[in-house]
Structures are given as C-alpha cells and as structure tokens.
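See structure below.
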Amino acid sequence: MKSIDRNQLIGQLNWRYATKEFDPQRKISAADWATLEEALVLTPSSYGLQPWKFIVVKNPVVRKKLVDASWGQKKIADASHLVVFAIKKNLSEQDVDNFMKRIVEVRGVPLESLAGYRDRIVGNIIKGLDEANRETWEAKQVYIALGNFLTSAALLGIDACPMEGFEPAKYDEILGLDKQGLHAVVAATAGYRVASDEYSQAKKVRFPHEEVLLQI
C-alpha cells in the first residue's frame, strides 16, 4: 500500500487547529464521516481491549442541551458533528471475555489458546487496579482515540476541536450514559471553520525540536 506523502502529512498537521468557530451550514459528507467512524473503530488500545464507546450526537435538541453543559460553547451545536468519548464504568471480567470471543470470531483461533492472555488482562487491569485507577487507565485509552480522530480529520481536510470544557456528570445525564454504565471523558466537534475565526490564521506555538525531542 502506498504511504501518504510526508509533505502532505506535515502540511495537514500545520493546517489543523483547535477550531473555535464552525460554519453551521457546512456538513461533513456521509462518506467522509463514515471514514472517520472507521478510524475511531481502528484506534489501538492497551491489550486491544477497547474499553470505550463513541457517542455520535446527531439530535439538534440534545446538542442544544449540551451547550449549557459546555460552558455555553456554541460549537457544540454549530459543528457538523459531535462525538463524545466515554469509558465503561465497572469494567469486568465479562468485558474481557467478550473481547476473547471477538478474537476467536475474527482470527479463528481456539478460545483455550487465549487463556494466558485473558488471565494477564484480568490480573493487571480488572483485579490489579481499584476502580479509580482502572477508570484512569481507561481514560488514557480514550485519549489515544481522540488523537487518532483529530489526525484522521486533518488528513481529510476536516476541522475538529478536542473539548474537555464541559460538565461530564451533566453529559452523562443528558445522553443517558449513566444508565448504560458509561461516563463521558472528552468530546470532539468536527466540521468546517468559518472564515472569520481569527485563530485559523494564527501561527502554531510549539517549542523548538531541540527542547522537545531528546536523543539518547
């Protein structure tokens, strides 16, 4: 498979920014959105366990409610799409077993061959961590998905903005996540910037390579 051109990659990463204002009239095409959803599904995670759910919020009434739970940030309603990244509360051995069954289904290996792998996950994550540390571990996995989403959007020429500026408990209530054993961690809006967004032309502020990259 042909790799992406390196100049295109850096160019798109320079082009992207945490979009402040979205054009409510411009919508992401169905094909492009399906691609971004597939990118989310393909996100790597520790052990491959995928302890998350990605909630695509389409209902405009619900999105308006979320604006109030997001410190009044209009981009929640104006962006073409909104994704809420949630973790599974009370992650259990059953979740590990479901993952084992999926491996069997996809790879055609015998379930018993995965016994050691299963025991390692259960021992390290389910039994080895208390609830608070387990949820912290899950949140770290979610941020891998967020980064993957932002980069994938940039490569497609789609604007996006990562968002921690909201009240997770209210998101859980409005979206009914608490009833599903889920908890909102972070969100991302996606769509297209408006020309008047002054931040779109601002230069990126990054520390020099020699201060960030250590050669050992």
For q = 0.35 Å⁻¹, Debye-computed log10 I/I(0) when each Cα of the range 34-74 counts as one equal scatterer:
-1.15
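Compute, for the range 41-95, the length of the dipole vector about the Cα centre, with Cβ point charges of +1 (Lys, Arg) and -1 (Asp, Glu) only. Units Debye, rounded to 20.
Values: 9 positive and 4 negative charges, 62 e Å.
Here the range 41-95 has a charge dipole of around 300 debye.
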Please report the spacing between the Cα centers of the range 58-129 and the range 1-33 in Å, no decimals.
25 Å
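Which order results if Y47, Y199 are arranged by neighbouring Cβ count within 10 Å, fewest first? Present the calculation step by step, with values, prior to reporting the outcome.
Details: Y47 15, Y199 11.
Ordered from fewest to most neighbouring Cβ atoms within 10 Å, Y47, Y199 come out as Y199, Y47.
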Fully extended contour minus Cα-Cα distance, from E211 to D178, at 0.36 nm per residue:
7.6 nm
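Fewest first, what order do W33, W15 take by the number of other Cβ atoms within 10 Å? Display every interim value, and only then the final one.
Details: W33 17, W15 13.
In increasing order of surrounding Cβ atoms, one gets W15, W33.
Order these by the 10 Å Cβ neighbour count, fewest first: R118, R16.
Details: R118 17, R16 21.
Ordered from fewest to most neighbouring Cβ atoms within 10 Å, R118, R16 come out as R118, R16.
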Calculated from DSSP helices alone, with each H run of at least 4 adding -39500 (n - 2.57) and the total divided by the residues of the chain, [θ]222 nm to the nearest 500 comes to -13000 deg cm²/dmol
Can you give me the pair-distance distribution of the range 8-212, C-alpha pairs, 5 Å bins, whole percents?
1, 7, 13, 17, 17, 15, 11, 9, 6, 3, 1, 0
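Under 1.5 on a/c is rounded, so check that first for the range 158-216, then, if it is not, pick prolate when a/b is larger than b/c and oblate when it is not; a ≥ b ≥ c are the square roots of the alpha carbon gyration tensor eigenvalues. Display every interim value, and only then the final one.
On the way: a/c = 3.69, a/b = 1.57, b/c = 2.35.
Verdict is oblate for the range 158-216.
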Could you derive backbone 3J(HN,Hα) for the range 57-63 from the dihedral phi with the Karplus parameters 6.51, -1.76 and 1.60 (θ = phi - 60°), listing whole Hz in sequence and x where the residue is Gly or Pro?
8, 9, 5, x, 5, 5, 5
Quick calc: nm separation of the 7 Å Cα→Cβ label points for A202 and E112 -> 6.1 nm
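Only four residue types carry charge here, +1 at the Cβ of Lys and Arg and -1 at the Cβ of Asp and Glu. Report the dipole size of the chain about the Cα centre in Debye, rounded to the nearest 20.
In total the dipole reaches around 400 debye.
Read-outs throughout are calculated quantities, based only on the coordinates presented, and are distinct from any laboratory measurement. Just so you know, these numbers come straight off a predicted model, no measurement behind them. When we count neighbours, we look across all protein chains shown, and the Cβ atoms used for this are built from the backbone with ideal geometry, even at glycine.
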